[in-house]
Structures are given as structure tokens and as C-alpha cells.
Amino acid sequence: SDTCDIANGTSQDSDGNGIPDECDSGCPGDVDGDGDVDVNDVLAALANYGGSGEGDVDNDGDVDVNDLLQILADYGGC
């Protein structure tokens with residue numbers, strides 16, 4: 001699993017999001033990890049707005065306006 005790979009050093013997780021760096025899309029606004037930033041990423045963030053989890057692109061523990069602004073800044077692709 002990803003957690004085991006990170007824990008044993010097989011994979012790195014430089015941003016601490018629990019996803020190995022080689023699996024990250026490299027685009028903070030890509031919430032769903034499909035390689036682009038589109039309406040689905042905005043909707044995922046809005047679904048969790050005020051909470052935590054999917055959509056917390058700045059990894060500060062909550063989904064807020066800063067996350068939405070990052071998603072919109074990356075909108076269209078990476």
C-alpha cells in the first residue's frame with residue numbers, strides 16, 4: 001500500500017498528503033488526480049467546504065476559500 005511504501009522509504013511523500021510523490025499529478029488544484037483541473041475538482045472541494053479531506057489542496061487541514069482559489073488558479077490543466 002501507499003502508506004507502507006512511504007513508511008519503509010520505498011516512496012517519498014514530500015508534501016505529506018499520504019500519496020507517494022510519483023503518484024501525485026504535480027498540480028495542486030487537481031483534487032481528483034485525473035491530470036487536469038476542471039469542474040469536477042471544484043465540485044469535490046465544494047462538497048467538503050468547511051470540513052476536511054478531498055479538496056484541501058493546500059494541506060492545512062480544512063477546505064476553505066484558499067483551496068478554491070488554488071483550484072481556480074490551476075483550472076484548465078497542469
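Things worth noting here:
- Additional length obtainable on full extension of the chain from Ser52 to Val39, 0.36 nm per residue less Cα span: 2.8 nm
- For segment 61-67, 3J(HN,Hα) per residue [Karplus equation, 6.51 cos²θ - 1.76 cosθ + 1.60, θ = phi - 60°, Hz, x = Gly/Pro]: x, 8, 9, 9, 4, 4, 5
- Difference of contour (0.36 nm per residue) and Cα-Cα distance, Asn59 to Cys23: 11.3 nm
- For the chain, alpha-carbon Rg and Dmax in angstrom: 12.6, 36
- Per-residue ellipticity at 222 nm from helix content only, as computed over the chain with -39500 (n - 2.57) for each DSSP H run of at least four residues, stands at -9000 deg cm²/dmol.
- A probe of 1.4 angstrom, applied to the heavy atoms of all protein chains, finds Ile19 with accessible area near 70 square angstrom.
The values are calculated or read from the model by the stated rules, or taken from the named source; none is laboratory data. Keep in mind that what you see is a predicted model, and the values were worked out from it rather than measured. With ligands, DNA and RNA removed, areas are computed over all heavy atoms of the protein, side chains included. Shrake-Rupley method; radii C 1.70, N 1.55, O 1.52, S 1.80 Å.
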